[in-house]
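Enquirer: First, the structure itself, so that you have it in front of you.
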Amino acid sequence: MTIYPSARKAFARSSIEQIGALLTELQRHLQEPVNKRSIQRCRILLDDVIALVIEESEPSLSKPLEDRLTRREHEIALALSEGKSNATIAGELFISINTVRFHVRNTLRKLDAKNRSEAAALVLRWAVA
């Protein structure tokens, strides 16, 4: 399995090394004769790899809010805090409404907000702090 360069940036160096070690061990087990023990070991190794990937790909809740977002998502979050519609945001940023929807969805996910209002409240709170 190859970790592509764009994905590699999302992982801490130690996580990449851990995932690599787990995958190397998995590959070794896959070359052995198949039995219940080897199947079970492969499942455990895959579960460990998946857990590491999920852990590293989710935004860290310990990071400050503004560090969780890309530059564009930060712009979108600020626009949400001003109560702007998707159409208004699209016009101001010279992007399509679908692109705004995409960024709004990512912003809500990264801020762990259930809706635009909650995201706006978080942004206003970090602006005051």
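The values are calculated or read from the model by the stated rules, or taken from the named source; none is laboratory data. Here the structure is a predicted model, which is why all the values come from computation and not from measurement. No Cβ is skipped: glycine too gets one built from the backbone with ideal geometry, and neighbour counts run over all protein chains shown. With ligands, DNA and RNA removed, areas are computed over all heavy atoms of the protein, side chains included. Shrake-Rupley method; radii C 1.70, N 1.55, O 1.52, S 1.80 Å.
Enquirer: Looking at segment 1-39, which of its residues are more than 20 Å from residue 53 (Cα to Cα) and either at pLDDT 85 or above or open to solvent by 40 Å² or more (accessible area, probe 1.4 Å) (or both)?
Expert: At the first step, the residues of segment 1-39 found to be more than 20 Å from residue 53 (Cα to Cα) are 28-39.
Correct list: 28, 30, 31, 32, 33, 34, 35, 36, 37, 39.
Enquirer: Could you please let me know if residue 62 is open to solvent by 70 Å² or more (accessible area, probe 1.4 Å), in a loop (DSSP other than H, G, I, E, B) and either of a type in the set (Ser, Thr, Tyr) or modelled with pLDDT of 90 or more (or both)?
Expert: Numbers: open to solvent by 70 Å² or more (accessible area, probe 1.4 Å): yes; in a loop (DSSP other than H, G, I, E, B): yes; either of a type in the set (Ser, Thr, Tyr) or modelled with pLDDT of 90 or more (or both): yes.
Spelling it out, residue 62 is indeed open to solvent by 70 Å² or more (accessible area, probe 1.4 Å), in a loop (DSSP other than H, G, I, E, B) and either of a type in the set (Ser, Thr, Tyr) or modelled with pLDDT of 90 or more (or both).
Enquirer: Let me ask you something else. Step by step: first the residues of segment 90-107, then only those that are of a type in the set (A, V, I, L, M, F, W, C) and more than 19 Å from residue 126 (Cβ to Cβ), then the one that is most open to solvent (accessible area, probe 1.4 Å). Which residue is that?
Expert: To start, the set of residues in segment 90-107 that are of a type in the set (A, V, I, L, M, F, W, C) comprises 90, 93-95, 97, 100, 102, 104.
Within this subset, residues satisfying the condition of being more than 19 Å from residue 126 (Cβ to Cβ) are 90, 93-95, 97, 100, 102.
Numbers: 90: 8, 93: 42, 94: 186, 95: 37, 97: 68, 100: 0, 102: 102 Å².
Looking at residues that are of a type in the set (A, V, I, L, M, F, W, C) and more than 19 Å from residue 126 (Cβ to Cβ), I get 94.
Enquirer: How many residues, within segment 85-100, are modelled with pLDDT under 95 and either outside any helix (DSSP H, G or I) or in contact with a strand residue (DSSP E or B) (Cβ under 7 Å, 6 or more places away or on another chain) (or both)?
Expert: 3
Enquirer: Would you pick out the residues in segment 102-117 that are under 17 Å from residue 84 (Cβ atoms) and among the basic types (Lys, Arg)?
Expert: 105, 116
Enquirer: Could you list, in sequence order, the residues of segment 65-81 that are surrounded by 12 or more Cβ atoms within 10 Å (Cβ to Cβ) and either acidic (Asp, Glu) or modelled with pLDDT under 80 (or both)? Explain how you work it out, then say what you get.
Expert: First, the residues of segment 65-81 that are surrounded by 12 or more Cβ atoms within 10 Å (Cβ to Cβ): 65-66, 68-70, 72-81.
Once the filter is applied, which keeps residues that are surrounded by 12 or more Cβ atoms within 10 Å (Cβ to Cβ) and either acidic (Asp, Glu) or modelled with pLDDT under 80 (or both), segment 65-81 yields 65, 66, 68, 73, 75.
Enquirer: List every residue pair whose Cβ atoms sit under 7 Å apart, with the two residues 6 or more apart in sequence or on different chains, where the first one lies in segment 69-95 and is in contact (Cβ under 8 Å) with a residue 12 or more places away in the chain and the second, anywhere, is surrounded by fewer than 19 Cβ atoms within 10 Å (Cβ to Cβ) and polar (S, T, N, Q).
Expert: From segment 69-95, the pairs are 73/106.
Enquirer: Specify the residue that is modelled with the highest pLDDT; the eligible residues are those in segment 50-59 that are surrounded by fewer than 17 Cβ atoms within 10 Å (Cβ to Cβ) and under 12 Å from the mean Cα position of the chain (by Cα).
Expert: Once the filter is applied, the top-ranked residue is 53.
Enquirer: Can you tell me which residues in segment 101-129 are part of a helix (DSSP H, G or I) and over 18 Å from the mean Cα position of the chain (by Cα)? Even if it seems obvious, please write down each step before you answer.
Expert: Within segment 101-129, the first condition is being part of a helix (DSSP H, G or I), and the residues that meet it are 101-111, 116-128.
Correct list: 116, 117, 118, 120, 121, 122, 123, 124, 125, 126, 127, 128.
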